[in-house]
C-alpha cells in the first residue's frame, strides 16, 4: 500500500504542480487503485507514472470545486477508449451524479464499463469490504467538502512455530489453514484452533485523506491514530486571514490537527501557487515545529505505508 501524489497544487495548475489528485495503490492488497479527487489534467499526469486506468476500482471526490473535479469526464472517457471493462464506483457529495451524467450526455460519450455514483449525505461508513472500510465525514469549507478515513482490517498474528511443533502440527497446508483462521484436525483427532497458535492480530493501517477545509473536529476524528494524514496546507501562517476567508488551512493548522489526532505522519498538499517548489520551506518549517514527522508533497511523490508490526 502506498500513496502516489498526481497533483498537489491549489486552484490552478502551475509548471511544477498540477491540481489535486492522488492514488492509493492497493496492488498487493486488492490488485487495484483508488483515486482521490481528479482535477483537470489528471489523466495527463497518469501518463508519467506506473498507474493503469484499468486498475482503477473507485474514485472518491472530496468536493466539486473544479481543481478537484474537472478531470473526471476525461478520465472516464479515456478509460473507455483504452478498453477498460471493469466497473468503477464514484463516491462524493450531492451533485456528483448530476455532474457526471450531464457531461456524458451532452458530450455523447459512451463508456465500455459500468459506473455507479454513490452520493454521500451523512457521516459514516461508505464502503465496507472484507479487507477495508472507508468512512466519510463533512469538513468545513465554502461548499460541502468531505474527508475520508480508510481503515485496513486487522491482519492475523504470526504463527507460534515452537508451539506448533509441540502440538505435532505438520508443516505445510495445515500452517496456512491456521494462519487464515481455520481450525486443523490432527491424525489423533485433536482439533487445533487458530487462537491457540497465533500471536495477537496486527492492527490494520489507517490512511486519512481530507478535502479542502478549515480546522475542524471532524478532521481530528477522521485522522485519529492514522498511519498517514493527507491534509491541505494552502497557505503559510502569515496568510492565516486569507486561509480563513477562503475556507482553507495553514500548514501550522494542519500540523495541529495531526498532533491532536495522534497521527503518525503528515503530508501537506494543496499548495498555493504563491509558493514555488523552492519556496515551500515556510510551510514545512512551521509544520515541523508542531508535528515533526511532516513532509510537503510534490507531484510524483510516493509515500509507502508499511504494515504495522
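The values are calculated or read from the model by the stated rules, or taken from the named source; none is laboratory data. Quick caveat: nothing in here was measured; it's all calculated off a predicted structure. Glycine also receives a Cβ, built like all others from the backbone with ideal geometry; neighbour counts cover every protein chain displayed.
Output the residue which, of all residues in the stretch 108-142 that are without any contact (Cβ under 8 Å) to a residue 12 or more places away in the chain and in a strand (DSSP E or B), is nearest to residue 31 (Cα to Cα). Applying the filter and picking the extreme gives 128.
May I ask you to list the residues in the stretch 274-299 that are part of a loop (DSSP other than H, G, I, E, B), exposed (fewer than 15 other Cβ atoms within 10 Å of the Cβ) and in contact (Cβ under 8 Å) with a residue 60 or more places away in the chain? Scanning the stretch 274-299 gives a single hit, 276. Just one of the numbered conditions (1) more than 19 Å from residue 112 (Cβ to Cβ); (2) in contact with a strand residue (DSSP E or B) (Cβ under 7 Å, 6 or more places away or on another chain); (3) modelled with pLDDT of 95 or more is not true of residue 95: (2).
Okay, residues lined up against (1) touching a residue at least 12 places away in the same chain (Cβ under 8 Å); (2) outside the structural domain of residue 147 (by TED's automatic domain parsing); (3) part of a helix (DSSP H, G or I); (4) over 14 Å from the mean Cα position of the chain (by Cα):
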{"site": "15", "(1), (2), (3), (4)": "no, no, no, yes"}
{"site": "23", "(1), (2), (3), (4)": "yes, no, no, no"}
{"site": "43", "(1), (2), (3), (4)": "yes, no, yes, yes"}
{"site": "51", "(1), (2), (3), (4)": "yes, no, no, yes"}
{"site": "92", "(1), (2), (3), (4)": "yes, no, no, no"}
{"site": "98", "(1), (2), (3), (4)": "no, no, yes, yes"}
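Highlighted here are the helices (runs of 4 or more DSSP H) found entirely within the stretch 143-257 that include at least 2 residues which are surrounded by 15 or more Cβ atoms within 10 Å (Cβ to Cβ): 173-179, 194-197, 217-223, 240-246. Anything in the stretch 300-309 that is under 20 Å from residue 21 (Cβ atoms) and assigned to a loop (DSSP other than H, G, I, E, B)? List them, or say none. Passing the criteria: 300, 301, 305.
Please go through the stretch 72-85 and give me each residue that is surrounded by 13 or more Cβ atoms within 10 Å (Cβ to Cβ) and part of a loop (DSSP other than H, G, I, E, B), ordered by number. Of everything in the stretch 72-85, just one residue is surrounded by 13 or more Cβ atoms within 10 Å (Cβ to Cβ) and part of a loop (DSSP other than H, G, I, E, B), namely 84.
Just to be sure, is residue 103 part of a helix (DSSP H, G or I), over 30 Å from residue 278 (Cα atoms) and assigned by TED's automatic domain parsing to the domain that holds residue 213? So residue 103 passes the test.
Kindly establish whether residue 263 is part of a helix (DSSP H, G or I) and in contact with a strand residue (DSSP E or B) (Cβ under 6 Å, 6 or more places away or on another chain). Against the criterion (part of a helix (DSSP H, G or I) and in contact with a strand residue (DSSP E or B) (Cβ under 6 Å, 6 or more places away or on another chain)), residue 263 does not qualify.
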